[in-house]
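Structure first, commentary second.
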């Protein structure tokens with residue numbers, strides 16, 4: 001992801017950060033696929049507790065995007081310790097996790113298996129429906145990325161219907177002048193995320 005697409009993602013997240021902080025004083029954590037921040041207390045290499053738009057822009061200006069799109073392995077790194085907490089602290093409420101994933105290309109590894117495993121583990125420990133949510137957003141008009149995200153969404157919806165597996169994923173492929181007017185923006189992201197949370201909350205009696 002480079003050029004205008006990188007800037008698009010930066011501006012959307014910069015706008016979201018203070019809005020999220022208004023509802024959660026911990027702010028947001030930012031992770032990149034092919035860059036890890038060197039910090040002894042953060043083995044996953046993220047930028048933690050970001051609360052302002054200026055902080056987001058500073059981070060994006062310091063990171064240079066490159067390489068493939070290994071969403072599966074990155075998701076695995078982030079979800080593994082969190083799911084262990086949910087499973088081990090079943091008698092207590094672990095803070096829900098919402099992952100906003102922005103991509104401009106087709107994933108280069110198996111993200112679907114990671115998501116299915118997470119959903120099954122959440123079902124097995126009877127976690128609340130909104131415990132984990134993952135929203136994939138596409139920037140740019142790469143056809144392979146659009147087809148991949150749509151196929152991923154279709155596969156997970158089928159599993160949710162046939163196997164009664166909880167649906168923890170929403171995907172938003174690029175649709176030209178449609179949902180975001182051709183570009184990714186904070187308003188569109190927030191509407192999708194809040195809509196996903198509300199749907200899962202409305203289904204709380206199912207699980």
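What's the extension gain from residue 44 to residue 155 if we count 0.36 nm per residue and subtract their Cα-Cα distance? Please list the in-between numbers first.
On the way: separation 111, 0.36 × 111 = 39.96 nm, distance 2.84 nm.
Length gained, residue 44 through residue 155: 37.1 nm.
At 25 °C and 0.890 mPa s, what whole-number value in µm²/s does Stokes-Einstein give for the translational diffusion of the stretch 15-85, with Rh from the Kirkwood sum over Cα pairs? Don't jump to the answer; show the numbers that get you there.
Values: Rh = 13.3 Å.
Stokes-Einstein gives a translational diffusion coefficient of 185 µm²/s.
Relative contact order of the stretch 4-197, taken over Cα pairs closer than 8 Å and 6 or more residues apart, is 21 percent. Working from the Cα coordinates of the stretch 48-160, the gyration tensor eigenvalues give, after taking √(5λ), semi-axes of 26, 21, 12 Å in decreasing order. Annotation: average projected area of the stretch 4-197 is 10.9 square nanometres, based on the convex hull of Cα atoms across all directions.
Quote the FRET efficiency, to the nearest 0.05, computed for residue 89 versus residue 24 with a Förster distance R0 of 25 Å and r equal to the Cβ-Cβ distance. All intermediate terms of the calculation are to be shown ahead of the outcome.
Working: r = 19 Å, r/R0 = 0.76.
E between residue 89 and residue 24, to the nearest 0.05, is 0.85.
None of the figures in this text is laboratory data; all of them are computed from the coordinates on show. On a predicted model such as this, the values are computed, not experimentally measured, just so you know. Neighbour counts run over all protein chains shown; Cβ positions are idealised from the backbone, glycine included.
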